[in-house]
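What follows is a single structure, written as structure tokens, with notes after it.
The values are calculated or read from the model by the stated rules, or taken from the named source; none is laboratory data. Since we're looking at a predicted model, the values are computed, not measured. All Cβ positions, glycine included, derive from the backbone under ideal geometry; neighbour counts span all protein chains shown.
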There are 6 protein chains.
Amino acid sequence: MMKKNQILQKYAEGKTLVNGWISIPSSYAAEVMAHTGVDSVTVDMQHGMIGFADLMHILQAVSSSTATPLVRVPSSEPSMIMKTLDAGSYGIICPSVDDPKICKTVVDACRYPPLGNRSFGPSRGLTYGGADYVKYANDEIMILAMIESQQALDNLDEILDTPGLTGIYIGPNDLAFSLGVIPGSASDKVETAISHILSEAKKRNLFTGIFCSGLENAQYRKEQGFNLVTPGNDAGALRNAYQTFVGKLNDEDKSEIESTGGY
Amino acid sequence: MMKKNQILQKYAEGKTLVNGWISIPSSYAAEVMAHTGVDSVTVDMQHGMIGFADLMHILQAVSSSTATPLVRVPSSEPSMIMKTLDAGSYGIICPSVDDPKICKTVVDACRYPPLGNRSFGPSRGLTYGGADYVKYANDEIMILAMIESQQALDNLDEILDTPGLTGIYIGPNDLAFSLGVIPGSASDKVETAISHILSEAKKRNLFTGIFCSGLENAQYRKEQGFNLVTPGNDAGALRNAYQTFVGKLNDEDKSEIESTGGY
Amino acid sequence: MMKKNQILQKYAEGKTLVNGWISIPSSYAAEVMAHTGVDSVTVDMQHGMIGFADLMHILQAVSSSTATPLVRVPSSEPSMIMKTLDAGSYGIICPSVDDPKICKTVVDACRYPPLGNRSFGPSRGLTYGGADYVKYANDEIMILAMIESQQALDNLDEILDTPGLTGIYIGPNDLAFSLGVIPGSASDKVETAISHILSEAKKRNLFTGIFCSGLENAQYRKEQGFNLVTPGNDAGALRNAYQTFVGKLNDEDKSEIESTGGY
Amino acid sequence: MMKKNQILQKYAEGKTLVNGWISIPSSYAAEVMAHTGVDSVTVDMQHGMIGFADLMHILQAVSSSTATPLVRVPSSEPSMIMKTLDAGSYGIICPSVDDPKICKTVVDACRYPPLGNRSFGPSRGLTYGGADYVKYANDEIMILAMIESQQALDNLDEILDTPGLTGIYIGPNDLAFSLGVIPGSASDKVETAISHILSEAKKRNLFTGIFCSGLENAQYRKEQGFNLVTPGNDAGALRNAYQTFVGKLNDEDKSEIESTGGY
Amino acid sequence: MMKKNQILQKYAEGKTLVNGWISIPSSYAAEVMAHTGVDSVTVDMQHGMIGFADLMHILQAVSSSTATPLVRVPSSEPSMIMKTLDAGSYGIICPSVDDPKICKTVVDACRYPPLGNRSFGPSRGLTYGGADYVKYANDEIMILAMIESQQALDNLDEILDTPGLTGIYIGPNDLAFSLGVIPGSASDKVETAISHILSEAKKRNLFTGIFCSGLENAQYRKEQGFNLVTPGNDAGALRNAYQTFVGKLNDEDKSEIESTGGY
Amino acid sequence: MMKKNQILQKYAEGKTLVNGWISIPSSYAAEVMAHTGVDSVTVDMQHGMIGFADLMHILQAVSSSTATPLVRVPSSEPSMIMKTLDAGSYGIICPSVDDPKICKTVVDACRYPPLGNRSFGPSRGLTYGGADYVKYANDEIMILAMIESQQALDNLDEILDTPGLTGIYIGPNDLAFSLGVIPGSASDKVETAISHILSEAKKRNLFTGIFCSGLENAQYRKEQGFNLVTPGNDAGALRNAYQTFVGKLNDEDKSEIESTGGY
């Protein structure tokens, strides 16, 4: 039997999932992260410094952990979505799903016929997922649409109603930009939009995830009801750790070292 | 003029240096670390997951920062020492310098004639150091001998008296092992040995560095008088950060998450 | 004179061509395959675990053999098609050529003006093909359109009539999916479609190739009249070999080890 | 403060800029070139043998020099444009900007809101550009549209009037092809077109760059008034150097060794 | 608890182990092999086309399988032995263990003090083996000495009596060469030596492994009593598969295609 | 039949050979160089920025040319010498062959028994050299000892009399250093030593090669009677080309741009 999607199972059980975010093109860094108890790891091919060879090595490295591998694809272009799935990703997070047509394109790329038009060629699916990968892949692969623009808000109902969509993932920084707010600044406008997306998604029993600016923000989003929270990325965690080392060892008052969160 | 060795200059000015430790084979992770204000970064080719191609990319990536690049070589074998210098390292940390003969081999490998027998072929030295690299390299390259065994303690005077040696670097874990102590456990025996090495080195005006189990330990070593402290490695920092994220977000009481320090 | 396309020459002489299929991102594995007597090798950038750096290394490695290098591109997107040609591929196999417009886009991307709009920048063409590459490339580069959907069947005549098209390549698995048949299962519907495509292509003197589920199937397709047959991919061959080793050495009755063919 | 774009500053001061062109996927070769005094280096992702991992390593390697890093992207597809900027490029040269719609797509991809729709996720921008990268990036990132077809000539006014465009870059080879001229041959038609583009761009105070077939041609283009000239690429320089070595050492009369210029 | 060494456990249960042999520098090929049911895979750093970065990726890729990862190191040089263990190998196969001094060097490199002098720095041991890796590694890491020369035969008793040695691995090709026999040719001399090594090893309850020229030979070695047999390497399997495809499809009588076994 | 060593054949015919020198870790740069008409290319693993994976890719890339592939190994350590031969090198240039014992170690590492102790495992030898590689390799592999120190001069007779040695290669820079002369400066002492080595080698009909500081120096060495001359390395050629571009285009008087030759 094909390996089950662990986060879909935990989600069914009501657990709030902790997601790691990978922008460093190193399978060793990814493996270290995947073994810390995170429920899933997302390889960021949009803004992360990661090409396809890196992606494959990272997906292999995290396969020995219990963390479910996801990929944030660079765009809704179908051939790259299909290739990341063939490489063993158990789900994709697609940026800028601004209208229902894009959403359908994305869903179609992730589903074998007759549900979609994903091309046959499972590759690493056979080693990571199992020999019957093709038979069950449509049940295990998650499809998360990023809602991160005014346009997406305008089309929200139609996007969320796309058959086959697993859920949404909010990118608060691009959403802020689109609403005329500088990313990272406090904004009622952005918070209102986030609440609205969350509630519309929940209404339809859709899975909900969000990128957070740090641990504290992740705790807030968890309480707010998101199913999956990303407390920041690997580069940010490394930067913060060493900035703290340097600040303390140089006796500098760096109580105000700003988190650069997950970018 | 060849680029000066920044940490030799800061050392002359009395600053205690903060050193980053790189075990992740990613030039991007290394670049992020190098821009946090650390005074130097050491690429660990002994226990780090790093081959030569990774080393070169890492050395290139840190070249845009003010951090001085050092390499912990895998052993005292001269051809690899020379190659890491040709790749642009401004110093080497050599493991297991257990007797003066090894120490002389290491020093000879780092110095152009007539001071040593480093082979001519500067390569990246010309881009990172400058066109007159060969003329000044003997003045800028640091040579740190790791004192990390009973045998090295027995031979300490002769090792430290090796002409051309810049200083020492203590590996407390291997030193503990060699003294019959489990690495990481508190031990007067190990502390006594460390104090002895430190004081013998200082007596000769040698540069002193040490690997630390974390920030607190690094602060202690700074107060103890070490010139350079390494508060832990990149993989440990990443692991600690995500274990904290997971622990807090899962509401687990993980107040006792142990640092795995710099390995 | 630019190196001639070997398989175009053998095709003119009536030989049925044996094509290797590369999904493993290793130039060494590719080189081994290319020296087994195969007439061509196709690097699969759609479902294979292969990025651009891997592709270039593979194309270099097979250049010392007599096998003609082809690339199955990820999609009909022109810039990637052009880049694989610049890297030294002597032909492309394009997936999902479902209508004549796509077919024209693909042909245009493969032909320098005035026949198409391939951008100038021959790169590896100059080392693999020769200094007069640009002059003769339009004569040597093969363009094979994959016919693998109901839509492509519906548009078959117009697709096949696209000026400049060298021939077709059938993907039986995606074709089956599109016809409502599970890939790998016996199906008259699929066989009828294959025969139809074959005969329409031959009517127009187009080159015909097909992916096969294994040696036996390849022998059948050869007899059926295809010009080029792919008996399976590298990963499948490796898997089958070791599954046989394990089965026999463990005294298991694995007479029914299924070939996973070329995916 | 974010690191300033050096070539924009020198351009303001009226200096004609010398640009290196990178097609070799090696950060070491790139670093060597970047330290020769060139004002900028352009990594060619369209015809160069360069994938994303290579790009990142190259951008890191040139960061220690004073040369400004630019990228010739494979196409106007926005997600790749954004990713090369996130990797630290300070400008993009986009091929085949044949109409104003393409031009607007390109400009939008390079500008954060509200000027465009570049997605948030600065990554290497933070290490190369500085912590306030997002705030100032819109001022520093250059956007050069390649004018290299009859269609672009037909739409020249509208293309050049695109708000936010920094300037143009001429690809004489593709332009020749499009005008029915064999690339590399002398042609009044091509020269007339080049002069026209140059004068239209200058009329609007746009930045002007051009690819040249060698040093002599670059000197001519400088005198003609171009702001940035590319005297040829790395592979061509290497080829020419060794062809000269071989010709002279074999006592062959190779006075007619043709430059292969920058491709 | 540290992950147990699976082949040591199966060995204790009396199973004859099937070992895959990796010479292709691809983590994807390795992963495919590791999931075929082989009990272990050995990454060949002596004659395989594999550097350190490849090794790490391969070890990560096989970590998701039940196959135990071993490394054939290039030589008895300790720093490389230690580094392959830090990378997660659960055992090493060391070439040319020709005398007991070499054997002790190898054993010492594989055992933490007080049993040996392996340096502290577990790295991937912590992710693959577990957080208590250092505590239990001495129990799980296998040390196999290659007996493959007349000199080793002369010193056999002393080599086999080295405390801490897990067992032996026979390299029949080098052994043949050393005995004046052309590798691959039938030879009583070589067979007598093999039998002698096997029986001396068994007398001391040492683990016994051997490289085989193919499946048939592996079956013979299994019957002869070896605990672990290697039926050939990955490159050989791939070559054989495609040579068969080509031979059959070209209707050539290639009934005599020679296996090139594991090199 | 195993592919013949082209430079051994041309040497027999009396041609002076032109050798390219590779320090850039790029198979594409290497391929470009190998197709310029050079008789051989040497991959520099001592001072070049090249690890094993790079070496293999480079050796593959040059295999499609007529240039014979050689490797300058990092040292006389046998396992790396053997591995570079397994990777397809047709000869090695070994640094610092300072005494006859080192010379014998090197020769032994390059010859299969009974002539030496090279270990069996031909790998790429089978694809580049041919299926009968093992049978003929001892005839085709060249072994060149670098004479580059006072010590080597003192031991010259014994070194040159080592059975199996193909010839010598002079490293003038390290030789100068060893003689107390700054590399690159004119020196009768160094010239006398070079002449002496040349004449002693010729007396014994040994092959003679030398590294040169540029084209002019290479022409001089050719006239002096060397069989193989290296006019400089790839990085130097690239640097010189772009420094010339910059100097001329900036109207600077750079008539005195110094060649950095082959380092």
Completion exercise
In region A:195-211, anything free of Cβ contacts under 8 Å to residues at least 40 places away in the same chain, closer than 30 Å to A:Asn138 by Cβ and either assigned to a helix (DSSP H, G or I) or more than 19 Å from the chain's Cα centre (by Cα) (or both) is listed as A:Leu198, A:Ser199, A:Lys202, A:Lys203
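Regarding region A:27-44, can at least one residue be identified that is assigned to a helix (DSSP H, G or I) and more than 17 Å from B:Met49 (Cβ to Cβ)? Outline the logic, then answer.
So the first thing to find is which residues in region A:27-44 are assigned to a helix (DSSP H, G or I), and the list is A:27-34.
Next, only the ones that are more than 17 Å from B:Met49 (Cβ to Cβ) stay: none.
No, because not a single residue in region A:27-44 is assigned to a helix (DSSP H, G or I) and more than 17 Å from B:Met49 (Cβ to Cβ).
Applying the selection to region E:115-125, what residues are more than 7 Å from chain B (Cβ to nearest Cβ) and either within 13 Å of B:Ile182 (Cβ to Cβ) or assigned to a loop (DSSP other than H, G, I, E, B) (or both)? Please lay out each step first, then the result.
Narrowing region E:115-125 to residues more than 7 Å from chain B (Cβ to nearest Cβ): E:115-118, E:125.
Matches in region E:115-125: E:Leu115, E:Gly116, E:Asn117, E:Arg118.
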Exercise for the section: Residue by residue through region E:171-196, note down the ones that are within 13 Å of chain F (Cβ to nearest Cβ), modelled with pLDDT of 95 or more and closer than 17 Å to E:Ser213 by Cβ. Expected result: E:Gly171, E:Pro172, E:Asn173, E:Asp174, E:Leu175, E:Ala176, E:Phe177, E:Leu179, E:Val181, E:Ile182, E:Pro183, E:Val190
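When the residues of region E:212-225 are narrowed to those that are in a loop (DSSP other than H, G, I, E, B) and away from chain C (no Cβ under 11 Å), which ends up surrounded by the most Cβ atoms within 10 Å (Cβ to Cβ)?
Filtering first and then ranking leaves E:Ser213.
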Fill in the blank from the handout: Note: among A:Gly51, A:Gly14, just one is surrounded by fewer than 22 Cβ atoms within 10 Å (Cβ to Cβ), out of contact with any Ser or Thr (no Cβ under 8 Å at 6 or more places or on another chain) and within 11 Å of another protein chain (Cβ to nearest Cβ), namely A:Gly51
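So, of the residues in region A:22-39 that are at the interface with chain B (Cβ under 7 Å from one of its Cβ atoms) and touching a strand residue (DSSP E or B) at 6+ places or on another chain (Cβ under 9 Å), which turns out to be surrounded by the fewest Cβ atoms within 10 Å (Cβ to Cβ)? Break it down stepwise before answering.
Of region A:22-39, the ones at the interface with chain B (Cβ under 7 Å from one of its Cβ atoms) are A:24-26, A:28-29, A:32-33, A:36-38.
After this cut, where a residue has to be touching a strand residue (DSSP E or B) at 6+ places or on another chain (Cβ under 9 Å) as well, the list is A:24, A:29, A:33, A:36-38.
Details: A:Ile24: 30, A:Ala29: 29, A:Met33: 32, A:Thr36: 23, A:Gly37: 20, A:Val38: 26.
Going through the qualifying residues, I end up with A:Gly37.
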Problem - Residue match in region E:58-76 (condition: surrounded by fewer than 24 Cβ atoms within 10 Å (Cβ to Cβ), modelled with pLDDT of 95 or more and either touching a Leu at 6+ places or on another chain (Cβ under 7 Å) or not in a loop (DSSP other than H, G, I, E, B) (or both)) - result: no
Completion exercise
By residue number, the members of region B:101-114 that are more than 10 Å from every other protein chain (Cβ to nearest Cβ) and more than 18 Å from F:Gln46 (Cα to Cα) are B:Lys101, B:Ile102, B:Cys103, B:Lys104, B:Val107
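Based on this model, can you work out whether C:Ala131 counts as surrounded by fewer than 22 Cβ atoms within 10 Å (Cβ to Cβ), under 30 Å from F:Ala29 (Cβ atoms), without any contact (Cβ under 8 Å) to a residue 24 or more places away in the chain and not basic (Lys, Arg)? Spell out how you get there, then give the answer.
On the way: surrounded by fewer than 22 Cβ atoms within 10 Å (Cβ to Cβ): yes; under 30 Å from F:Ala29 (Cβ atoms): yes; without any contact (Cβ under 8 Å) to a residue 24 or more places away in the chain: yes; not basic (Lys, Arg): yes.
Here the answer is yes, as C:Ala131 does meet what is asked.
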Practice task
Test C:Val43 against the stated conditions and say whether it is within 28 Å of D:Gln46 (Cα to Cα), within 14 Å of chain A (Cβ to nearest Cβ), buried (at least 24 other Cβ atoms within 10 Å of the Cβ) and modelled with pLDDT of 95 or more.
Solution key: yes
Exercise for the section: Report, by residue number, each residue of region D:180-209 that is more than 18 Å from D:Cys103 (Cα to Cα) and buried (at least 17 other Cβ atoms within 10 Å of the Cβ). Expected result: D:Val181, D:Pro183, D:Gly184, D:Ser187, D:Val190, D:Ala193, D:Ile194
Exercise for the section: State the number of residues belonging to region C:128-158 that are more than 9 Å from chain D (Cβ to nearest Cβ), more than 22 Å from C:Phe177 (Cα to Cα) and over 19 Å from the mean Cα position of the chain (by Cα). Expected result: 7
Exercise for the section: Taking the options D:Ser89, D:Ser79, D:Ser64, D:Ser149, name whichever one is hydroxyl-bearing (Ser, Thr, Tyr) and within 28 Å of D:Ala186 (Cβ to Cβ). Expected result: D:Ser149
Handout entry: region A:226-255, residues that are in a loop (DSSP other than H, G, I, E, B), in contact (Cβ under 8 Å) with a residue 24 or more places away in the chain and at the interface with chain B (Cβ under 9 Å from one of its Cβ atoms)
Key = A:Pro231, A:Gly232
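Would a scan of region D:54-70 turn up a residue that is more than 10 Å from every other protein chain (Cβ to nearest Cβ), under 26 Å from C:His57 (Cα atoms) and within 15 Å of the chain's Cα centre (by Cα)? Don't jump to the end; show me each part of the working.
From region D:54-70, those more than 10 Å from every other protein chain (Cβ to nearest Cβ) are D:66-70; that's our starting set.
Going one step further and asking which of them are under 26 Å from C:His57 (Cα atoms), we end up with D:69-70.
Cutting the leftovers down to within 15 Å of the chain's Cα centre (by Cα) gives us D:69-70.
Scanning region D:54-70, I find at least one residue that is more than 10 Å from every other protein chain (Cβ to nearest Cβ), under 26 Å from C:His57 (Cα atoms) and within 15 Å of the chain's Cα centre (by Cα), so the answer is yes.
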Practice task
Could you figure out which of (1) buried (at least 24 other Cβ atoms within 10 Å of the Cβ); (2) modelled with pLDDT of 95 or more; (3) within 26 Å of D:Trp21 (Cα to Cα); (4) not aliphatic (A, V, I, L, M) isn't true of F:Asn240?
Solution key: (1)
Fill in the blank from the handout: Within region D:11-53, restricting to residues that are among the hydroxyl-bearing types (Ser, Thr, Tyr) and more than 20 Å from B:Pro25 (Cβ to Cβ), the one that is nearest to the chain's Cα centre (by Cα) is D:Thr42
Problem - In region C:98-147, the residues that are in contact with a Pro (Cβ under 7 Å, 6 or more places away or on another chain), within 25 Å of C:Ser64 (Cβ to Cβ) and not hydroxyl-bearing (Ser, Thr, Tyr) - result: C:Val134
Problem - Residue, farthest from the chain's Cα centre (by Cα), within region F:77-100, restricted to residues that are in contact (Cβ under 8 Å) with a residue 60 or more places away in the chain and part of a strand (DSSP E or B) - result: F:Gly91
